[in-house]
Amino acid sequence: MDALHEWQQPALPSLDRDPDREFKARVRTHYDRLAAGRDRWYRRNRSYHDYLERALRRLVPPGRSVLELGCGTGNLLKALQPARGVGIDLSPAMVDLSRQKYPEMRFEVGDAEAVEGDEPFDVIVASDLIGELLDIAAMLDRLHAISAAETRLILTFHNPALEGLLRVAQRAGLTMPPARQNWIGPNDVTGLLELSDFTVEQVHSGLLLPALLPALNRIADAVPARAPLIGYLNAVTIVVARPRRPRPQLWPLSCSVIVPCRNEVGNIEAAVSRMPSMGSHTEIVFVDGASSDGTGERIEEMRRRFAGRKDIRLIHQVPGPRPVVLASVAPDAPVAMLKLGKGDAVRKGFEAARGDVLMILDADLTVPPEDLPRFFNAIASGKAEFVNGSRLLYPMEERAMKFINYLGNKLFSSLFTWLLGQAVRDTLCGTKAVRREAYRRIADGRAYFGEFDPFGDFDLLFGAARLGLRIVDVPVRYRRRRNGVTKVRVVRHGLLLMAMSLVAFRKFKLSKWMHTWR
């Protein structure tokens, strides 16, 4: 039987647009348009492609069975001299050209994130591909089905430190422009591979000052690519990994998904219907913060509609009769005399939760509920003790995040990584997961920091870092809000974040320095 099945696009939901499918359609159109000129780009950047071919030939002996994902017009696959060569690409025009040029090999139209097969390959190559994927983890998970213990996965990607230079080269017409680029670094890639049950064997970089700048070729060739500091200017990173066999088993844990909400009536049904089942049991705990738009009533409606199929609970932040919100008060403004806010909602939800794994999902659904199993699996497999969502790896949907918010996220991520002593790519992502036992230890030590966090995210991050829990980032696909009004206030919340940064500095850095000086 053939090693690969032709990829079939899933049917679209009839009631809503599918942003993933729209994105894939744009990518397909982009490369169909460029297909006729692909080989001209290949020749124009000959030294770049020669470097990749030489580097991969050293890793892949001739005569192996090789699958290339994102094969373009098949040049790299041909250079590897496979006994059985299969290439797949999202662009039908690219595949047509590959079939004409190399009829001895097999080329199919397909999506690397949905690849299927019946026979394992000796080598799987994805060169300059992962930077354009919507979901790298989906591809890695699929590859296990067409991998044996001896299979080697080879990934190549550009150095994100050269993002500015490469963008200039693309806009100047020196290189073929990608449809869209994720500037993903080696640490991100190795982290994703580990989470997806691959063991990293090699990571190395090369091609100093790439052939994107032909006038500098001779200068670049004269400088050792592995020289101290110079290596940071290498254009290409190559990662070699092998699948872990057997794959680690998941502990049969239950989970609770805490959904803090206030005036989110338009998102409640989607949050329930799209919530995946995880582990031995999944409960959804809505914590309503005195909504005035019928959010509580919609949750009760969902409880009745999904009775017996989904475990849905509703908790009111304010016990007893809910307060009346004056019409003159903005829907997202604090209700007088009430202790509301996401931080309080998270803490109340966690205290009421019954699951072994506790998760937070923001009710605006800008992080898709479909991404939650990766948070659960990271903990249930023992790879993490605390999981933090990261929105800054994959391309965001248009209008999902304002540019000033993006800059703020990058700034605070770097700041808190230094303060906490653990790499945290996106401190402001509201989606997080932690084992119940770990949360109890965090809660017991809360007095060390005090009641400082109105968001609920930093209370958990600080506590996890203080306890030395293994914090792991899980990339999420960030969407724009479909319903309701954002609660984010850039200036006010920015000042609150600076205040929390001072708390972290005093507790994590200053106290350590003072202890050292004594």
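Values in this text are rule-based calculations from the coordinates and carry no lab data. Predicted model, so just to flag it, every value in this text is computed and none were measured. Neighbour counts run over all protein chains shown; Cβ positions are idealised from the backbone, glycine included.
Just a few scattered comments:
- Shape call, region 43-161: gyration tensor on alpha carbons, a/c limit 1.5: rounded
- When only the Cβ of Lys, Arg, Asp and Glu is charged (+1, +1, -1, -1), the dipole of region 102-216 relative to its Cα centre reaches about 760 debye.
- The charge dipole of region 19-243, taken about its Cα centre with unit charges on the Cβ atoms of Lys, Arg (+1), Asp and Glu (-1) only, comes to about 1120 debye.
- Entries of 24/342; 310/342; 383/432 with Cα pairs more than 26 Å apart: 24/342
- Anisotropy class of region 19-243 from Cα gyration tensor, a/c 1.5 cut: rounded
- Cβ-defined net charge surrounding residue 138, 11 Å radius [Lys, Arg +1; Asp, Glu -1]: -4
- Net charge over other residues, Cβ less than 9 angstrom from the Cβ of residue 295 (K, R count +1; D, E count -1): -2
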